[in-house]
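The values are calculated or read from the model by the stated rules, or taken from the named source; none is laboratory data. What you see is a predicted model; the values in this text were computed from it and never measured. Cβ: placed from backbone, ideal geometry, glycine included. Neighbour counts: every protein chain shown.
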Amino acid sequence: MKKTLNNIIKILFAFISFKTIIDLNGLTSYSVLSLIIFIFLVYLFMKYFIISKDKKDIILLSLFFSFLLVIGNLCLNLIDSRNISIFKELLSVKSIIYFFGYFSIFNIFFNLIIPKLLKLNILKKNNKLNFRQIFIITFLILILSWLPYFLAFFPATISPDGIGLFHKSQSFLVMMDNHTFAYAIFLRICCIIGNFLFSSTTGTIATITVIQTSIMASIFSYLVAFLYQRNVNKKIIIGVILYFALSPIFGYYSVVMWKDVLFSGFVVLLSIACYKLAEKKDKLTKKEYLPFIFSSFLVLFFRNNAIYMYFILAILTFIFYKKYLKQFAIIFLIIIGGFYLIKGPIFDYFDIYKSGSAEYLAMPMQQIGRMVYKNVKLTKKEQKMISKILDVEIMKDAYNPRWSDGIKFNKDFNIEAFNKNKASYLKLWLSLVVKHPSTAIEAYLISTLGYWYPDILDRAYENSIVANEYNITMQPKGPKILEKYVAFMGRRDIPLLSLLVSIGLFIWIIFISIFIIIKKKNYSYLYTYIPVLGIWLTLLIASPVYNEVRYIYSLFTTFPLLVLTPFIQKNIK
């Protein structure tokens, strides 16, 4: 009787999953294809659908991903809606059916894959090549693989806010920290080299591109050699090389003039340093401390908000390495103290302009903006206060759920009124969040959607130089077939290529990787994930755009290391 009841439950869940797949893919329930899908689902459910106490971790993981899919899908579909509440739709019969449908599919998927991952062995003694040889081979492969992008976008692709910085860097060191002063120094050094080698602006830009490409190829080659040194199977090593060589994101980003590119490369170095600390946790030496300190400074000075991630890293370091409290207290005093000393008195002494960040305004303004957009009831006092920084009616039209610039950088936005009464506006924001929690949470979920939901199709690459007063233009080189190849690789309507730039999907895979580490009880290696997860968390707190790859490009650059960490042992050649 119990077995019969169990089988009925499995068939019921199979039907719910079938209903979910049919509805979301626009299929008819009476077609031959639908019948095949249903029979296949029944087979899978009868064999692999398990709900029991000893599988509670998989059940929780399945529930978590199912919830993200359902609410993410609602956020995406209702992103521009003024009248429909996401949370009311979340409690609808249809959403509940979809939730259990997704849950059932995830349950089967994880019951199939997790046991295999726990037993997976990717290690095999590598004797043919040494560290230097694998580094050089990888470097050459990457340079050749990215060459079509360099020729197609020659001499580089430059974002609108980077053109002016480059133009000034040709003549002098730009004493500003808004693009980070460290990146300004990098540009100035590259311009000096470019001006020496060439007598043209195009040649100078090409020099910057070549130097940046070489740095990124070197970092990725170092990562590959690092994995090879830890006896990762050569087939996996080849896969990692192909990932960096063929994934379009690396080709496109190798030639774009952004500080985010180098920053994301330096995050790889910091993550490797964190892995080494975890690997040698029982006997740490200067050999592990020095790369950690060096990479920390690079990360901190190439992005202004990286300090928030670093505070997370510092706090968790004292938890992971209680045995070395004294050593790390000195290390973080040097790093964080040095950071604030340079950014404070030293910058002031040299009169380096420190631009104020408006990113902290992004989420509050988006939440208030959505309340106005959805016509929630505001008191006259609340309307008056809001209108002092931006007229309510203007805000209603200016609000864009996908990015905060519509409000934050609106020509009528009165930042001075806000700066004079920050405490009052903070109090207003908090009171509105308390009074209208569902709209506030809805705005938050939509404003961060691309960072946790996989199915977002949005701009991933910079592939132009906008018209500018300096007459800097793109001058493609090489045959047309290269341009066609690069254009094809940049398309977002091809499933596989689109998935390779899905922030949400990559974050989900990282979650599964962390789950494997926890199941294996190798807790010390969780430390490797902190830099990237810290950056991801800062975006969840204050991202100006709901989905922007460059802000979290470090997720893609560190991906091979983070995915393979659960399967790497300590046996080094």
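Quick notes on this structure:
- When F297, F318, F311, F332 are screened for being modelled with pLDDT of 95 or more, among the aromatic types (F, W, Y), under 25 Å from G265 (Cβ atoms) and out of contact with any Gly (no Cβ under 9 Å at 6 or more places or on another chain), only F332 passes.
- Scanning the range 458-476 for residues that are acidic (D, E) and either surrounded by 13 or more Cβ atoms within 10 Å (Cβ to Cβ) or touching a helix residue (DSSP H, G or I) at 6+ places or on another chain (Cβ under 8 Å) (or both) returns D458, E462.
Condition check ((1) among the β-branched types (V, I, T); (2) part of a helix (DSSP H, G or I); (3) under 23 Å from M489 (Cβ atoms); (4) not assigned by TED's automatic domain parsing to the domain that holds W258) across all residues:
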{"site": "I163", "(1), (2), (3), (4)": "yes, yes, no, no"}
{"site": "A182", "(1), (2), (3), (4)": "no, yes, no, no"}
{"site": "S199", "(1), (2), (3), (4)": "no, no, no, no"}
{"site": "V240", "(1), (2), (3), (4)": "yes, yes, yes, no"}
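- Scanning the range 164-204 for residues that are out of contact with any Cys (no Cβ under 9 Å at 6 or more places or on another chain), buried (at least 18 other Cβ atoms within 10 Å of the Cβ) and hydrophobic (A, V, I, L, M, F, W, C) turns up L165, V174, F181, A182, A184, F186, L187, C190, C191.
- Boolean, F186 is part of a loop (DSSP other than H, G, I, E, B) and closer than 20 Å to Y252 by Cβ: no
- Selection from the range 175-192 of residues that are β-branched (V, I, T) and touching a Phe, Trp or Tyr at 6+ places or on another chain (Cβ under 8 Å): T180
- Residue match in the range 376-395 (condition: charged (D, E, K, R) and touching a residue at least 60 places away in the same chain (Cβ under 8 Å)): no
- I58 outside any loop (DSSP other than H, G, I, E, B), in contact with a Ser or Thr (Cβ under 7 Å, 6 or more places away or on another chain) and among the aliphatic types (A, V, I, L, M): no
- Residue within the range 277-286 that is part of a helix (DSSP H, G or I), among the acidic types (D, E), surrounded by 17 or more Cβ atoms within 10 Å (Cβ to Cβ) and assigned by TED's automatic domain parsing to the domain that holds L187 present: yes
- Hits in the range 434-478 (condition: over 21 Å from R550 (Cα atoms) and at pLDDT below 90): A467, N468, E469, Y470, N471, G478
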